[in-house]
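Every number here is computed from the coordinates shown, using simple stated rules; none is lab data. Computed from a predicted structure; not experimentally measured. Don't worry about glycine lacking a Cβ; one is built from the backbone with ideal geometry, like all the others, and counts go over all protein chains shown.
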Amino acid sequence: MSINLKRFNRINRKKIFNKLERVDKGAVPAIPKRPPLLHPQYDIESLTDIFLSKFSASAASFQSIDSLTLVPELVLQYAEQHASDMNVVTNISEVLQKNEPSLLWPEPLTLHHGPANGEQSIGLSYADVGIAETGSIVLISSKKNPTSVNFLPDHHIVILNELDIVPNIEMMWKKLSLVAGSMPRAINIITGPSRTADIEQTIQLGAHGPRSLHILLLMEPA
């Protein structure tokens, strides 16, 4: 005995729809309202300390600076201690304000303009936001801040302004809507160096990107 599957399915589909139409709409439970998100209530004045505590806990390091003119010398010091060579990829000069002095780079460093191609040991970027709740930094992709600089070099140095630290990720999205104006091509939220525990359950840094992350925190005058 042969069965017409198309007709069989059509009849069954009609039966199901008929049952759905007869269901009392009042018997369908209402979708529960989502409770308000609860976040730790941080004192605004302590955001920087909270951020640095969380950031350091993710196997990352930081230095506080009071001027961007210190950046080249600090990058050199970091390269001498951690990097295999003195090649630095960055577009930081395009990020600086017109009224700020141009950075003077020491001779041992060889500067390359982004995007990165995997041949530079150090990438230097500028973070748009820091998240105190998780110790994360947020970088918006652009010609001035290529995403490749965040992932291809072995070591990643990021400049973050203290004024750009927000309490949580929800506040981060609000701030980015003002910073970006429109949705960028990519938004990277980075919490410490990349890592994996796939090999014998042992943490290995540098699994999917830089093996070290260092922040130069531009502090506001007290």
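Structure summary
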quantity: Potential extension, D85-A197 segment - 0.36 nm per residue separation minus Cα distance; calculated: 37.5 nm
quantity: Computed lengthening from Q63 to N12, 0.36 nm per intervening residue step minus Cα-Cα distance; calculated: 11.5 nm
quantity: Sites M219 and A30 - FRET efficiency at Förster radius 45 Å, r taken between beta-carbons, to 0.05; calculated: 0.35
quantity: Projected label distance in nm at E119 and E94, using a 7 Å step from Cα toward the beta-carbon; calculated: 1.9 nm
quantity: Long-range HN-HN contacts of H112 with modeled amide H, under 5 Å; calculated: V88, V89, T90
quantity: Restricting the stretch 133-204 to trypsin sites (Lys or Arg not before Pro) in coil, as DSSP defines it, with at most 10 other Cβ within 10 Å; calculated: K143, R185
quantity: Among V89, V23, V75: highest mean-square fluctuation, GNM of the chain, C-alpha pairs under 10 Å; calculated: V23
quantity: Nonlocal Lys pairs with alpha-carbon distance under 22 Å, the chain (8 or more apart, or different chains); calculated: 13
quantity: Rg ratio (alpha-carbon, reference 2.2 N^0.38 Å) - the stretch 42-90; calculated: 1.45
